[in-house]
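Down below is the structure, laid out as structure tokens.
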Amino acid sequence: MAIIMSGISLIRQLNMHFAFNQSNNFDLIKQQYQVDKRVRIDNVLESSLAQKLCDSVSKLQYTHAFFQNGVNQSITHQQLHSMSSQNKQRFFKLLYSDAAKGVGFFYGRHQISLGSEVDDSLLYKVFDWLNAPHTLEIIKTITGMNDITNTSAQATQYVPGHYLTRHNDVNHQEQRRVAYVLSMSKQWHPDWGGLLQFYQANGTPKDAWAPQFNSMALFDVNHVHGVSYVAPYATQARYSITGWFRAD
């Protein structure tokens, strides 16, 4: 335990420049969140730091995350491409059959956690910043969720053919309270898809937020939402860092 804590302390020493952009008015952001328990914070990070983070996220190795046969699974690019044509066709047929029923997802994922990013100190710093007491206090102030104690994080990559069907993020075991999406996509065209789509409880579409570089979407985990299908004519990948502020 002492070794782990000393590692955390070292990372925090390296992390002094990671912080919310001081131009943000958190009193106003809190008011906006309380209207519908969701808000998007613009210019979250200082611009040069956001650019460095964008570059870092775009260079990561991603695996394909998907849901099949009632289980969350993953497959590497190499494993997918090495499939026979018949097996690949069977894989996507089952994947799309579930999606047609509003079940499942298919996108690139890179898990971020303490000790997992030995090759990328910037992601260490992001994870530590998201879990820093000052950051958690700001999130608790905005959302009113005073039992939040920590944050999970993953980098995500959506390319043509990727999607996330309609769902909510309630997970009592993980004690999720608030979801977040830190967008690292530049000049994303809404016609490309990849929209953070919100729905009414009965499935009726409510509204959608297009990826916006260096912004953080915060929303209560009870919100029904999804990520719309990324079109084949999208000319770039949709990158973000996502996760949940949790109470466990």
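Only the coordinates and a few stated rules stand behind these numbers; no lab work does. Because the structure is a prediction, the values reported are computed rather than measured. Every residue, glycine among them, receives a Cβ derived from its backbone with ideal geometry; neighbour counts consider all protein chains shown.
At 222 nm, what helix-only mean residue ellipticity would the chain give, in deg cm²/dmol to the nearest 500, using -39500 (n - 2.57) for each DSSP H run of four or more?
Details: 7 runs with 79 residues, N = 248.
Taking each H run of at least 4 residues, the total per residue is -9500 deg cm²/dmol.
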| note | When all Cα-Cα pair distances of segment 174-248 are considered, the percent exceeding 14 Å is 62 percent
| query | Which is the longest run of the chain containing none of the trypsin sites (Lys or Arg not before Pro) found in DSSP loop states (not H, G, I, E, B) with at most 16 other C-beta atoms within 10 Å? | reply | 102-185
| message | Can you tell me the length gained on complete extension of the stretch ASN222 to ASP191, counting 0.36 nm per residue apart and subtracting the Cα distance? | response | 8.5 nm
| note | Between the Cα axis of helix 85-100 and the main Cα principal axis of the chain, the angle (0 to 90°, nearest 10) is 60 degrees
| task | Please report TYR158, TYR233, TYR107 as a ranked list, fewest other C-beta atoms within 10 angstrom at the top and most at the bottom. | result | TYR233, TYR107, TYR158
| request: Express in nm, to one decimal, how much length is gained between VAL35 and HIS17 on full extension, taking 0.36 nm for each residue of separation and deducting their alpha carbon distance. | output: 3.3 nm
| note | Within the under-15-Å Cβ sphere about GLN79, not counting GLN79, Lys/Arg +1 and Asp/Glu -1 give a net charge of +3
| message | Under 8 Å for C-alpha pairs, at least 6 residues apart: give me the relative contact order for the chain, rounded to a whole percent. | response | 24 percent
| query | In nanometres, what is the gap between the two model label sites at GLN200 and LYS59, each 7 Å from Cα along Cα-to-Cβ? | reply | 4.8 nm
| message | Quick check on segment 36-86: take the gyration tensor over C-alpha atoms, sort the square-rooted eigenvalues as a ≥ b ≥ c, and tell me if it's rounded (a/c under 1.5), prolate or oblate. | response | oblate
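Taking 25 Å as the cut-off for C-alpha to C-alpha distance, list the pairs among LYS125/LYS186; LYS59/LYS125; LYS30/LYS206; LYS37/LYS93; LYS101/LYS206 that go past it.
Values: LYS125/LYS186 22 Å; LYS59/LYS125 17 Å; LYS30/LYS206 21 Å; LYS37/LYS93 37 Å; LYS101/LYS206 19 Å.
Beyond 25 Å: LYS37/LYS93.
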| message | Just to be sure I understand the curve: with the Debye formula and one point per C-alpha of segment 38-172, what is log10 I(q)/I(0) at q = 0.11, 0.22 Å⁻¹? | response | -0.55, -1.39
| note | Amide H proximity to LYS206 below 5 Å, modelled H, separation 5+ or other chain, gives PHE198, TYR199, GLN200
